[in-house]
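**Student:** Below you will find the structure I want to go over with you.
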Amino acid sequence: MPRAEKSKRDELTFQQRKFVNEYLRHGNGRNAAISAGYSEKSADSQASQLLKLPKIKKAIESKEKEFEMASLITVESVLERILNIADDEDATNSEKLNALKMLGQHLAMFTDKQVITNEANNPFEQMSDEEVIKMYEEQNKFKKKA
């Protein structure tokens, strides 16, 4: 049913959406109800009632499918597909080159590195930590007097 045609009855309230998210997180109706803002006294019965509602069931199933799809796309699966293209005898040279380029980018093989050095003299370089601390403390004493 298109979004514009959905009735108010089919939509979840903020608290119900929170319950769905917390239920997926906790896997426990009572804890989800409490986290969603329902009272602790009625959390068990509230969770039971909510889990019987078709729109809540549908929302939970929908979110579970989203999580399942998201977990299917991993770095390893993407790299595996790229490797398959690079090794595919039927792939064009352009496809193979693009796959190898993506692998190289993933491995940071083409990163230009620059070494930057600072030739300026550091007046504190030859001092020990104790000497630097003592100097700092003396400077603070001088500032407090002024």
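The values are calculated or read from the model by the stated rules, or taken from the named source; none is laboratory data. The structure presented is a predicted model; accordingly, all values stated were derived computationally and were not measured. Quick reminder, even Gly has a Cβ in these numbers, built from the backbone with ideal geometry, and neighbours come from all protein chains shown. The area values use the complete protein model at the heavy-atom level, side chains included, leaving out ligands, DNA and RNA. Shrake-Rupley method; radii C 1.70, N 1.55, O 1.52, S 1.80 Å.
**Student:** Would a scan of region 118-139 turn up a residue that is among the hydroxyl-bearing types (Ser, Thr, Tyr), outside any helix (DSSP H, G or I) and either open to solvent by 100 Å² or more (accessible area, probe 1.4 Å) or at pLDDT below 75 (or both)? Break it down into steps so the answer makes sense when it comes.
**Tutor:** To start, the set of residues in region 118-139 that are among the hydroxyl-bearing types (Ser, Thr, Tyr) comprises 128, 136.
Of the ones still in play, those that are also outside any helix (DSSP H, G or I) are 128.
If we keep only those that are either open to solvent by 100 Å² or more (accessible area, probe 1.4 Å) or at pLDDT below 75 (or both) as well, we get none.
So far as region 118-139 goes, no, none of its residues is among the hydroxyl-bearing types (Ser, Thr, Tyr), outside any helix (DSSP H, G or I) and either open to solvent by 100 Å² or more (accessible area, probe 1.4 Å) or at pLDDT below 75 (or both).
**Student:** Considering only region 111-127, state which residues are hydrophobic (A, V, I, L, M, F, W, C) and more than 30 Å from LYS101 (Cβ to Cβ). Break it down into steps so the answer makes sense when it comes.
**Tutor:** So the first thing to find is which residues in region 111-127 are hydrophobic (A, V, I, L, M, F, W, C), and the list is 115-116, 120, 124, 127.
Within region 111-127, ALA120, PHE124, MET127 qualify.
**Student:** Can you confirm whether LYS58 is among the basic types (Lys, Arg) and at pLDDT 80 or above?
**Tutor:** Working: among the basic types (Lys, Arg): yes; at pLDDT 80 or above: yes.
So LYS58 fits the description; yes.
Each row is one residue, and each column tells you yes or no for (1) of a type in the set (S, T, N, Q); (2) within 20 Å of the chain's Cα centre (by Cα).
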{"site": "LEU12", "(1), (2)": "no, no"}
{"site": "ASN28", "(1), (2)": "yes, no"}
{"site": "SER35", "(1), (2)": "yes, no"}
{"site": "GLU40", "(1), (2)": "no, no"}
{"site": "GLN49", "(1), (2)": "yes, no"}
{"site": "LEU53", "(1), (2)": "no, no"}
{"site": "ILE73", "(1), (2)": "no, yes"}
{"site": "VAL78", "(1), (2)": "no, yes"}
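**Student:** So, restricting to helices (runs of 4 or more DSSP H) that lie completely within region 14-108, which ones have at least 1 residues that are open to solvent by less than 50 Å² (accessible area, probe 1.4 Å), free of Cβ contacts under 8 Å to residues at least 40 places away in the same chain and in contact with a helix residue (DSSP H, G or I) (Cβ under 6 Å, 6 or more places away or on another chain)? Full working, then the answer.
**Tutor:** Details: elements: 14-26, 29-35, 43-52, 54-72, 75-87, 93-106.
The qualifying helices (runs of 4 or more DSSP H) are 14-26, 29-35, 43-52, 75-87, 93-106.
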